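The values are calculated or read from the model by the stated rules, or taken from the named source; none is laboratory data. Everything numeric in this text was worked out from a predicted model, so none of it was measured. Here Cβ is always computed from backbone atoms with ideal geometry, including for glycine, and neighbour counts include all displayed protein chains. For the accessible areas, the whole protein counts, side chains as well, though only heavy atoms, and no ligand, DNA or RNA atoms are used. Shrake-Rupley method; radii C 1.70, N 1.55, O 1.52, S 1.80 Å.
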Amino acid sequence: MSYIQGYDPDTLREIVDPRHCSDRLDEIGEQRSLPALLERVWLLKVLGRPEDALSISDQSVRVARMAGTRKDLLRARILHATVLQALRAYAAAEQELTACADEAEGQGWSAIAAFAYQHRGKVHYDEGDFDSARRDFKRALFLRQESGVPDDQLESTLLAIDAADRRRVVGSVAS
């Protein structure tokens, strides 16, 4: 999404312009198409309103299951897991992301699998498991390279690997 201005190097969260995101949220309104639902979920999440995002996320998964493709459903489930992560329901988020990554890889959908691994890495990162986070980020990097994304789109994954490495070093020094 073009709303992302960068990523916080410590939290790995998206840096956005809240006013721009709020304006877009108002513009979307109550639209019920799957793309509109997914965008509303993401906007609410990055605006720090994960509780509001959760019910819409549940709805987006139902809509994708009934009227979308398997890829649509995976994307909706991954986004739902990121909302769970924002609510600190790490075990549920990790379980959902693992299932999505496995299914996407099984289907040969590298870009979707990479998306799932990237977010599962962020769950591990939030939990303080920097070794697992780094493994997931490296897997995401490999899959993104395999799917042929441009180098500038690899930036968030490289930033995440670097952040996990820094945290691992700090953790090992403190021990």
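Summary table below
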quantity	calculated
Out of L38, L54, sole residue that is part of a helix (DSSP H, G or I), under 15 Å from the mean Cα position of the chain (by Cα) and touching a residue at least 40 places away in the same chain (Cβ under 8 Å)	L38
Residue check for S110: closer than 21 Å to R24 by Cβ and either without any contact (Cβ under 8 Å) to a residue 40 or more places away in the chain or among the basic types (K, R) (or both)	no
Residue in segment 152-162 that is outside any helix (DSSP H, G or I), at pLDDT 95 or above and open to solvent by less than 40 Å² (accessible area, probe 1.4 Å) present	no
Residues that are touching a His at 6+ places or on another chain (Cβ under 9 Å) and open to solvent by 60 Å² or more (accessible area, probe 1.4 Å), drawn from segment 95-139	D131, R134, R135
Qualifying positions in segment 17-67 - over 17 Å from I78 (Cα atoms) and of a type in the set (K, R)	R19, R24, R32, R49
Single unsatisfied condition, A36 versus (1) within 24 Å of R144 (Cβ to Cβ); (2) open to solvent by less than 30 Å² (accessible area, probe 1.4 Å)	(1)
Which listed residue is modelled with pLDDT of 95 or more, closer than 12 Å to H119 by Cβ and open to solvent by 50 Å² or more (accessible area, probe 1.4 Å), from R88, R70, R75, R65	R75
